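Worksheet: one structure, shown below.
The values are calculated or read from the model by the stated rules, or taken from the named source; none is laboratory data. A quick note: this is a predicted structure, and the numbers were derived from the prediction, not measured. Glycine also receives a Cβ, built like all others from the backbone with ideal geometry; neighbour counts cover every protein chain displayed. When the accessible area is computed, the model is the full protein with side chains, heavy atoms only, and any ligands, DNA or RNA have been set aside. Shrake-Rupley method; radii C 1.70, N 1.55, O 1.52, S 1.80 Å.
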Amino acid sequence: MQEHALLNPSVGKDMQEKAAAEREFSSIFETYYKRVFNYIYYRVCCRYAAEDLTSQVFEKAMLKIDSYKKALSPFAVWLLAIARNVVNDHFRNQKKHRLFSLDTIQELVSNKKDPEGIVIQGETNDTLLKALHTLDAKERHLVALKFGGNLKNTEIAVLLDMSESNVGVSLYRTMKKLRNEMEERDSHEQRKYGK
């Protein structure tokens, strides 16, 4: 192969360009993986599904990297727009195929250290997940972009075609609603168990 590359310099150059592109995409993956994963996890509430969907996002991003235009939006916003579309497709497919997910059960059982920690973490996660499910789709999406995707309000505004102040107000109201819901659930649990 090296002889062929030496005889035909364009082959060697193509190999170098491919290697450079792979290194560049590896850097992108390492930089953005956690943000994309967290965003998706906030939306789907299942680690295994989030891992699968995150890999789909990076696969699509790799295939469409040439379509990214820096002048239109920051790279993180472009990547999270792909993530949003992958999650929306996932939910559409889920509606078509309503199946019980064993991944969710496996996630609850695995990665636990001690019985007390399991109970405390389970109660907290359960309360948060129930409270998140009281939000409408737009509110959950905002929370996922802000805390899962770790985007700034200006980036969310670009992605959702909203004004920055509208994003801030919507997030404030959503977080207030979420806090009230969690406090109400906590209060209900305390009354229920006489604490």
field: Listed peptides 168-174, 47-53 by packing density, highest first (mean Cβ within 10 Å)
entry: 47-53, 168-174
query: What ranking of Met175, Met162 comes out by heavy-atom accessible area, probe 1.4 Å, highest first?
result: Met175, Met162
- request: Over 26 Å between C-alpha atoms is what I'm after, so list which of Lys69/Lys146; Lys34/Lys70; Lys60/Lys95; Lys95/Lys176; Lys69/Lys152 land there.
  value: Lys95/Lys176
